[in-house]
Amino acid sequence: MRHRFELRVGPVAFRIGSAWRGPVDALRRLYSGYPAPEGVCDFTVRLEPERPWRRALRPSVAIRGDYMLPGAAPLALAHGLLAAEMGMNLQMALGQRRFLLLHAAAVEREGKAVLLTGHSGAGKSTLSALLGERGWRFMGDEFALLDPESGLIHSFPRTVSLKNESLALFGQVDPARLGPVMEGTPKGTIRHLRPPANAVARMAEPAEPALILFPRFGSNMAGEAREVGSAEVFVRLTQASTNYVALGRRGFVALTRLVSSVPARAIDYATSDEGVRLVEEQWRG
Amino acid sequence: MAGPLYAADPPGAVASADLEGLTALFHARSGTTHILAPPAPQILQALASGPADAGEIAARLAADFELAAEADAAAAISARLAELEAAGLVWRESAPTADSGTKTAAGSGQALE
């Protein structure tokens, strides 16, 4: 690959190779301050022309790597940064075996982690990023890594991909932390936000899971919280894990231990401020 | 009443966890996770001491639980056994004895993948 960038996000080391300079330069800027890998990289992501001649003629980025999904649609070169981010997610989702991967955002306070999990659009990214700006340590907006041996949550503080309406909520942050605005992506308008410096500096610190929340966002939501039983939590988390089945008994033991020992609640909210308030209230118990 | 003999994997081949009255069960041979409601986990537990038909399972459970009339309990257990068989958690060990009059499928006792 002509252009390369290596970085560590939490306990995972990535090598990103690209046929084009643009996506790698954008990644370097966005991930400024992230540590370089100390040894061999866990995963490789390659951004390549979909067909050899397309590199110059009509640039289109295909995401390739150690693990691939057949038929993953190529992206326009202008969305190369998104392709790199999606490639990193894909390698984690398909290849991670050391941790039980939960599709969840995580924030930490006093050594204890709150997991936020739910369907796309539930507000995991927005809520965790807002909490990260309001006194919590941001641990990740996409994956929470559950260590089956210790039961601790490891941080995976990738840049946050802010979508559509969420962009306006972060107008006050240092512009150097924001990536380019990418319009017309498969997920709408996207702009990446580098997590606060403390999230990067403390990315190697795991936290004890203390609360599991299932946020639900909607303009007519009532702004309330309710208990969720452990059997339901278990089923929902097996669905929220990309590698639960692959981990076999280790995954089962890790997940049943988590749901048996950590309280869980669903929160419904209509505005991001209300969402933040509900998380804080549930945290205080 | 003699019916088909059912068998289950030994307790070491599964992992289970109690989740507020329901039981999460990991079946190692298939790699499948099941959520079971009573009395399914108790039936599997009763089969830990060896293959049994529904009547024998009722008798084993009666040692630990208060059951309804034995015939009713055996009928309910037969229904649960059929569900457990469909889920791949129990299988028929052998055909019933000739005097039972119970119709069973030929070639029963197939193990699961």
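Nothing in this text is a laboratory measurement; each read-out follows from the coordinates by a stated rule. Quick caveat, the model's predicted, so the values are computed rather than measured. Here the Cβ positions follow ideal geometry from the backbone for every residue, glycine too, while neighbour counts run over all protein chains shown.
Structure summary
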quantity	calculated
Tally of residues being more than 12 Å from the chain's Cα centre (by Cα), β-branched (Val, Ile, Thr) and crowded, with 19+ Cβ neighbours inside 10 Å across segment A:121-179	1
Filter pass, A:Ser241 being surrounded by 17 or more Cβ atoms within 10 Å (Cβ to Cβ), touching a residue at least 24 places away in the same chain (Cβ under 8 Å), at the interface with chain B (Cβ under 10 Å from one of its Cβ atoms) and of a type outside the set (Val, Ile, Thr)	no
Long-range neighbours under 7 Å by Cβ, at least six apart or interchain, first residue within 11 Å of chain A (Cβ to nearest Cβ) within segment B:31-46, second buried (at least 20 other Cβ atoms within 10 Å of the Cβ) and assigned to a loop (DSSP other than H, G, I, E, B)	B:His34/B:Leu89
Residues satisfying the stated conditions in segment A:104-128, i.e. closer than 26 Å to A:Val24 by Cα and outside any helix (DSSP H, G or I)	A:Ala105
Qualifying positions in segment A:198-234 - in contact with an Asp or Glu (Cβ under 6 Å, 6 or more places away or on another chain) and touching a residue at least 60 places away in the same chain (Cβ under 8 Å)	A:Ala207, A:Arg216
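Residues checked against (1) within 18 Å of A:Asp273 (Cα to Cα); (2) of a type in the set (D, E, K, R); (3) free of Cβ contacts under 8 Å to residues at least 40 places away in the same chain:
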site: A:Gln91; (1), (2), (3): no, no, no
site: A:Leu94; (1), (2), (3): no, no, no
site: A:Gly111; (1), (2), (3): no, no, no
site: A:Trp136; (1), (2), (3): yes, no, yes
site: A:Pro148; (1), (2), (3): no, no, no
site: A:Leu152; (1), (2), (3): no, no, no
site: A:Gly171; (1), (2), (3): yes, no, yes
site: A:Pro175; (1), (2), (3): no, no, yes
site: A:Gly179; (1), (2), (3): no, no, no
